[in-house]
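Note sheet for the following structure.
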Amino acid sequence: DSGVTQTPKHLITATGQRVTLRCSPRSGDLSVYWYQQSLDQGLQFLIQYYNGEERAKGNILERFSAQQFPDLHSELNLSSLELGDSALYFCASSEMGTGELFFGEGSRLTVL
Amino acid sequence: AQRVTQPEKLLSVFKGAPVELKCNYSYSGSPELFWYVQYSRQRLQLLLRHISRESIKGFTADLNKGETSFHLKKPFAQEEDSAMYYCALGWANNLFFGTGTRLTVIP
């Protein structure tokens, strides 16, 4: 499957812990986006990378960070986790300028 | 600031009835608007974009700059249209999504 892949699919952890979510973009896509989907909040844009560089930041907490590696995969690091961080985290990739994003299946994070 | 509003969280219609999912946007420039759809157990995917002016799966959406709206319409709803629909505004190579509307088509 050459689409966007995200790991892990599900993750359960405790408050105060740190987790890393991983995303591999579609073959050829240089741009990676991270979104958070909480109950009743829709899709909240977190951050975008293009070819390894941060391109735009949305509503990303200081406890969260991300990076895009030379092979174009990206990681979203969530630290000092709180109950409210429980959500579905989506990664998407695109060719620049097309406006069409291709989404992964998401990583469901549960913080207990 | 750019913003997308979808006033209806839930919308139910009977099969064969017309359906309209509302989307209003706030943006000072020339907007790029999209509708994305997420069917059960599938990934979020692009349904249509305003610049293409095409009909996808019987759905159309017209950009109304005067009303700052981009409502999604279909004259005859089908059961397979049941899904989560998101309106999105393209800006600075990003997409800003509304909160989504869950459409249920009742057989």
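Is there a simple number for the mean count of other chain Cβ atoms within 10 Å of the Cβ of residues in B:94-101, and what is it? Write out the running numbers ahead of the final one.
Details: counts 12, 10, 5, 7, 2, 6, 5, 0.
If you average over the peptide's residues, the count of other-chain Cβ atoms is 6.
Quick one: dipole size for the range B:3-106, taken about the Cα centre, charges +1 on Lys/Arg Cβ and -1 on Asp/Glu Cβ, in debye to the nearest 20. List each step's numbers first, then the result.
Values: 13 positive and 9 negative charges, 33 e Å.
Roughly 160 debye, rounded to the nearest 20.
To make sure I understand the rule: partners must be lysines, Cα under 21 Å from the Cα of residue B:15, and not fewer than 8 residues away in the same chain. Which ones qualify?
B:57, B:73, B:74
Going by Cα centres, the range B:37-107 and the range A:17-32 are how many Å apart?
Here the answer is 25 Å between Cα centres.
Restricting to the range B:3-106, compute how many DSSP beta bridges are antiparallel as a %, nearest 5.
Working: 29 of 34 bridges.
Counting DSSP beta bridges with both partners in the range B:3-106, the antiparallel share is about 85 percent.
Enumerate the amide H contacts of residue A:105 below 5 Å, restricted to partners 5 or more residues apart or on another chain; note that Pro and chain-start residues carry no placed amide H.
Those lying under 5 Å, H to H, from residue A:105 are A:6.
If the reach is capped at under 30 angstrom between alpha carbons, list the lysines near residue A:57, excluding any in the same chain fewer than eight residues apart.
Of all the lysines, those that pass the test against residue A:57 - Cα under 30 Å, at least 8 places apart if same chain - are A:9, B:9, B:22, B:65.
What's the longest uninterrupted piece of chain A once you rule out the GluC sites (Glu not before Pro) that are loop residues per DSSP with at most 16 other Cβ within 10 Å?
Working: sites that count: A:62, A:82, A:95, A:100.
Here the longest run is A:1-61.
Pop a pseudo-label 7 angstrom from the Cα along the beta-carbon direction at both residue A:82 and residue B:17 and give the gap in nm to one decimal.
4.1 nm
Please give the direction-averaged projected area of the C-alpha convex hull for the range B:3-106, in square nanometres with one decimal. Please report the intermediate quantities before stating the final value.
Working: hull surface 24.8 nm².
Mean projected area of the Cα convex hull: 6.2 nm².
Computed from the coordinates by the stated procedures, all read-outs in this text should not be read as laboratory data. This is a predicted model, so every value here is computed, not measured. Every residue, glycine as well, gets a Cβ built from its backbone with ideal geometry; the counts of neighbours run over all protein chains shown.
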